[in-house]
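Notes for the one structure printed next.
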Amino acid sequence: MLTLTGEYAMRAMLHIAAQPPERYVLALEMGEQLAIPGMYLSKILGQLSRHGLLESRRGRKGGFKLARDPASVTVYDVLLAVEQSDRFERCLLGFDTCDDATPCLMHKNWKRVKVQILDLFKNTTLADLVNGNGHEGIKKLKAQTKVSVGPDE
């Protein structure tokens, strides 16, 4: 569903959101913990910074931290920062012309599903994901970040 860049961006943002708000996270440390190639991660972190989602600082105590409260950053915000802006508007089958007037074979069904997916992305924040109790993905994230981000399940 997501590109590899989108997946990596989400993993990095969730990793950073799981840290204490004042902590800057080194890209190298994050790359190692999340198994994301360093150069690729640096490019993604740069895009997220340019879109105002991350704050970066150079130097010995440098790294990256969230530029906004995790409750105000949606999955859609993160994906929009690293994906092509029309990514979620294009035809599922890749046709140049695909709309209600000239639909492809998947248009009607995909349009309905796409609306639900976009609604999920636009209404799910980093805080929702990091604070999600009982969710296996969150348990895995907590284990990977090696930082306590809430009560143990």
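Criterion applied to GLY59, GLY38, GLY63, GLY52 was being surrounded by fewer than 19 Cβ atoms within 10 Å (Cβ to Cβ), in contact with a Leu (Cβ under 8 Å, 6 or more places away or on another chain) and not hydroxyl-bearing (Ser, Thr, Tyr), and the one residue passing it is GLY38. When you go through LEU80, LEU66, LEU54 one by one, which is the residue that is under 14 Å from the mean Cα position of the chain (by Cα), farther than 17 Å from GLU22 by Cβ and aliphatic (A, V, I, L, M)? The match here is LEU80. Residue count for the stretch 28-42 under the criterion of being farther than 18 Å from ALA81 by Cα and assigned to a helix (DSSP H, G or I): the result is 8. Of the candidates LEU45, LEU14, the single residue that is touching a residue at least 60 places away in the same chain (Cβ under 8 Å), more than 30 Å from ASN109 (Cα to Cα) and assigned to a helix (DSSP H, G or I) is LEU14. You will find that of LEU80, LEU92, the residue that is surrounded by 12 or more Cβ atoms within 10 Å (Cβ to Cβ) and not in a loop (DSSP other than H, G, I, E, B) is LEU80 and no other.
Just so you know, all these numbers are worked out from the coordinates, no wet-lab data involved. Note that the coordinates shown come from a computational prediction; the quantities given were computed from them, not determined experimentally. Please note: Cβ atoms are built from the backbone with ideal geometry, for glycine as well, and neighbour counts cover all protein chains shown.
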